Amino acid sequence: MRLHSKLVTKRFNQGPALVFLAVAALGLASCSSSKPLTAAQVNNPQTQYTPPAMNHPGGGLGNLLTLGGGGHAAPGGSATGVAVNAYLWRASLDTLSFMPLASADPFAGVIITDWYSPPATPNERFKATAYVLGSMLSANDVKVSIFRQIRQGGDWVDQPVDPATTNGIEDRILARAAQLKAAGQLNG
């Protein structure tokens, strides 16, 4: 009897903690006011390059913002920021803009394109994934993966990609980021 009462007491003591965690999780989930961007919004030059958190006047677009705000507070006291270099992010979008965009996450720094077939070679297609890895404008902070397939008998078959292709895309991203920084622009 005594063991049973200890188990019941322990179970009731954990109940309020579980209720609190559930309410806290729901509360945090409902606080999010951001909506995911559609492909049309991401491809729109007015919206694609700079997430709203980077448009905060106190954050300064010229600064390399980090998650947690880098010491800049947003209105209402909450810290905002992006963990990736804004110039590399925009340059990656610009460089890969000839391919259809599947997804873009500026906070994680990941851009994924959909399959693209060049008009001259309809039986060959490419897909790219770009990773902006940090807040510095350096070659170490951008990584691109290219995937290639050719059509054989109605099926798409994976093929190797020349490393020079991947390096060339990364070089173009870095060159475009340098242009954007030199021009001092991020929005347009």
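Every read-out reported here was derived from the displayed coordinates using simple, explicitly stated rules and does not represent laboratory data. None of these values were measured; they are calculated from a predicted model. Cβ atoms come from the backbone with ideal geometry, glycine included; neighbour counts cover every protein chain shown.
Sum up the charges of everything whose Cβ sits under 13 Å from the Cβ of ALA183, counting Lys and Arg as +1 and Asp and Glu as -1, but leave ALA183 out.
Value of the local net charge: +2.
With a sphere of radius 12 Å drawn around the Cβ of SER97, what net charge do the other residues whose Cβ falls strictly inside it have (Lys, Arg +1; Asp, Glu -1)?
Here the charged neighbours net out to +2.
Semi-axes of the range 86-132's equivalent ellipsoid from the Cα gyration tensor, sqrt of 5 times each eigenvalue, largest first, rounded to whole Å?
That gives 22, 10, 7 Å for the three semi-axes.
At 7 Å along Cα-to-Cβ for each site, give me the label-to-label distance between THR129 and ALA175 in nm.
2.6
Expected output is a single nm value to one decimal: the length gained when fully extending between ASN140 and GLN159, i.e. 0.36 nm times separation in residues minus the C-alpha distance. What is it?
Going from the current span to full extension adds 4.2 nm.
Could you tell me what fraction of 2.2 N^0.38 Å the Cα radius of gyration of the range 116-171 comes to, as a two-decimal ratio?
Dividing the Cα Rg of the range 116-171 by 2.2 N^0.38 Å gives 1.36.
Test of understanding: extend the Cα→C-beta vector of ALA102 to 7 Å, then name every residue of the range 148-167 with backbone N under 14 Å from that spot.
Correct set: 148-149, 158.
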